[in-house]
1. Exactly one condition in (1) free of Cβ contacts under 8 Å to residues at least 40 places away in the same chain; (2) more than 23 Å from Val168 (Cα to Cα) is not met by Leu73; state its number.
2. Which members of the range 232-251 meet the condition of being charged (D, E, K, R) and not in a helix (DSSP H, G or I)?
3. For the range 178-198, name all the residues that are assigned to a helix (DSSP H, G or I) and hydroxyl-bearing (Ser, Thr, Tyr).
4. Being of a type in the set (Gly, Ala, Ser), free of Cβ contacts under 8 Å to residues at least 60 places away in the same chain and either over 19 Å from Asn232 (Cβ atoms) or not in a helix (DSSP H, G or I) (or both) is the filter here; which residues of the range 252-281 pass it?
5. Suppose we keep only residues that are under 28 Å from the mean Cα position of the chain (by Cα) and not in a helix (DSSP H, G or I) within the range 282-304. Which one would you say is nearest to Gly265 (Cα to Cα)?
6. Filter the range 195-241 for residues that are surrounded by 22 or more Cβ atoms within 10 Å (Cβ to Cβ) and among the hydroxyl-bearing types (Ser, Thr, Tyr); which is nearest to Glu33 (Cα to Cα)?
7. Being at pLDDT 95 or above and more than 23 Å from Ala82 (Cβ to Cβ) is the filter here; which residues of the range 35-60 pass it?
8. Consider Gly246 against the criteria (1) touching a Pro at 6+ places or on another chain (Cβ under 6 Å); (2) closer than 18 Å to Phe206 by Cα; (3) surrounded by fewer than 16 Cβ atoms within 10 Å (Cβ to Cβ): it satisfies all of them except one. Which criterion is unmet?
Amino acid sequence: MKFKIGDVTFDNNLMLAPMAGVTDLPFRLLCREQGCGLAVTEMVSAKAILYKNRNTKELMEVAENEGPVALQLFGSDPEIMARIAAQVESGPYAFLDVNMGCPVPKIVNNGEGSALMKDMKLAERILTAMVKTVKKPVTVKFRKGFTEEDVNAAEFAKMAESCGVAAVAVHGRTRDQYYSGKADWHIIRKVKESVAIPVIGNGDVFHPEDAKVLMEQTGCDGVMIARGAKGNPWIFSRTLHYLETGEILPGPAPGEISRMILRHGTLLSEHKGEETAMREMRKHMAWYTAGLPHSARLRNDINQVGTLDELRRFVEERIGYDS
């Protein structure tokens with residue numbers, strides 16, 4: 001199932017969504033190994049790049065062997081967004097994605113993220129400026145609308161297409177919903193019917209069957225997986241297998257989960273140093289072990305793990321390392 005954005009072709013149409021504090025380089029590598037067609041970085045502030053903020057360098061780093069990655073930028077100043085797009089275009093990115101969907105108050109109160117859905121004229125200026133400035137494809141991710149009273153995803157998508165954007169990704173929730181309630185896939189269908197460019201559907205894909213139903217119900221060209229991938233890189237290999245064969249593979253056995261946790265911890269240690277890696281592994285560990293027996297106690301006890309060796313012992317003793 002090859003998939004195209006602009007003049008870039010991807011192995012398949014399954015994508016890892018940008019998630020702050022989750023989709024860093026080590027996690028993207030794990031998802032790629034499981035067959036993820038393309039991934040998007042954690043969102044990066046255009047202003048932070050402009051002012052050479054130290055933390056942005058790590059967010060923007062891409063490994064040689066991790067396959068196609070898009071850089072996601074956010075900001076509300078058309079001039080700065082275009083200037084930074086030009087500055088990063090030569091980087092190892094398949095395309096540049098613009099965040100117009102983030103619901104976090106700090107971002108929204110700054111007039112960025114999903115706040116731009118309330119100011120379509122400004123959003124249009126940003127996208128036009130970026131598309132004019134770079135040759136690489138520019139895409140945009142947004143939501144159903146800001147509130148249930150002003151659902152405008154279809155109009156927003158048309159505006160983006162008229163700016164020359166190469167594809168759109170739509171999360172079927174309003175800003176007000178954050179991640180609660182159910183994603184409205186009907187709005188993704190409306191967006192698909194409104195534009196000729198590829199439409200990527202996002203929201204509530206937690207199982208292989210969800211991806212298939214999402215494509216069938218909406219006609220979307222690609223599927224973006226967010227929370228369904230947390231602690232579950234296997235969702236990509238299992239979904240690809242299901243879409244190709246109709247067969248649902250069993251979920252990972254405890255031994256497989258242990259190996260993935262150790263691989264994740266090792267990659268994180270190489271990338272960020274052991275101390276930071278073990279601290280970050282605590283949240284990942286909670287996701288990896290959700291649904292396992294005694295998972296609450298596991299989540300609690302992982303806080304005592306401070307080194308890679310301790311992590312290895314912990315998973316061997318508490319989760320198992322067979323199979």
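The values are calculated or read from the model by the stated rules, or taken from the named source; none is laboratory data. From a predicted model like this one, the values you see are computed outputs, not experimental measurements. For neighbour counting, all protein chains shown are included, and Cβ atoms are generated from backbone atoms with ideal geometry for every residue, glycine included. Quick note on the areas: whole protein, heavy atoms, side chains included, nothing else; ligands and nucleic acids left out. Shrake-Rupley method; radii C 1.70, N 1.55, O 1.52, S 1.80 Å.
1. For Leu73, the exception is condition (2).
2. From the range 232-251, those charged (D, E, K, R) are 238, 244, 247; that's our starting set.
Once the filter is applied, which keeps residues that are charged (D, E, K, R) and not in a helix (DSSP H, G or I), the range 232-251 yields only Glu247.
3. Initial filter on the range 178-198 (assigned to a helix (DSSP H, G or I)): 185-194.
Answer for the range 178-198, where residues must be assigned to a helix (DSSP H, G or I) and hydroxyl-bearing (Ser, Thr, Tyr): just Ser194.
4. Initially, the range 252-281 is screened for residues of a type in the set (Gly, Ala, Ser), giving 253, 255, 258, 265, 269, 273, 277.
Checking which are free of Cβ contacts under 8 Å to residues at least 60 places away in the same chain leaves us with 265, 269, 273, 277.
Correct list: Ser269, Gly273, Ala277.
5. Our first condition is that a residue be under 28 Å from the mean Cα position of the chain (by Cα); within the range 282-304, this holds for 282-292, 295-296, 298-300, 302-303.
Remaining after also requiring not in a helix (DSSP H, G or I): 290-292.
Values: Ala290: 17, Gly291: 20, Leu292: 19 Å.
Out of the qualifying residues, it is Ala290.
6. So, considering only residues that are surrounded by 22 or more Cβ atoms within 10 Å (Cβ to Cβ) and among the hydroxyl-bearing types (Ser, Thr, Tyr), the one nearest to Glu33 (Cα to Cα) is Thr239.
7. Gly35, Cys36, Gly37, Leu38, Ala39
8. Result: Gly246 fails condition (1) only.
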